[in-house]
1. Quickly run through the stretch 17-42 and pick out the residues that are surrounded by 15 or more Cβ atoms within 10 Å (Cβ to Cβ) and over 20 Å from residue 2 (Cα atoms).
2. For the chain, which fully contained helices (runs of 4 or more DSSP H) count at least 1 residues that are in contact (Cβ under 8 Å) with a residue 60 or more places away in the chain?
3. Within the stretch 1-26, track down each residue that is within 16 Å of residue 51 (Cβ to Cβ) and among the polar types (S, T, N, Q).
Amino acid sequence: MTYYAGVKKMEEMGVNDNYIQGWVAGFLNNPEIEEQRITNEWKSGYEDGKEHTDVNFINFC
């Protein structure tokens, strides 16, 4: 999965914005955000982004 294909697919599916932000951060190997700002959606997106996977997109629509 490429970065642009993943983001486009998530936007077309209507995936939760926090999940998208986490996925992008994980995909780009950015450090995690501050603990008080982390949501379950963001954390799941971050982990999936690190793996470059799209299998959980449907769970966050």
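We did not get these values from a lab; they are worked out from the coordinates using the rules stated. Please read all numbers here as calculations on a predicted model, not as lab measurements. Please note: Cβ atoms are built from the backbone with ideal geometry, for glycine as well, and neighbour counts cover all protein chains shown.
1. Listed by number, the residues that qualify are 33, 41.
2. Answer list for the chain: none.
3. Matches in the stretch 1-26: 2 only.
Yes/no matrix, rows are residues, columns are (1) in contact with an Asp or Glu (Cβ under 7 Å, 6 or more places away or on another chain); (2) polar (S, T, N, Q); (3) at negative phi:
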{"site": "25", "(1), (2), (3)": "no, no, yes"}
{"site": "31", "(1), (2), (3)": "no, no, yes"}
{"site": "56", "(1), (2), (3)": "yes, yes, yes"}
{"site": "60", "(1), (2), (3)": "yes, no, yes"}
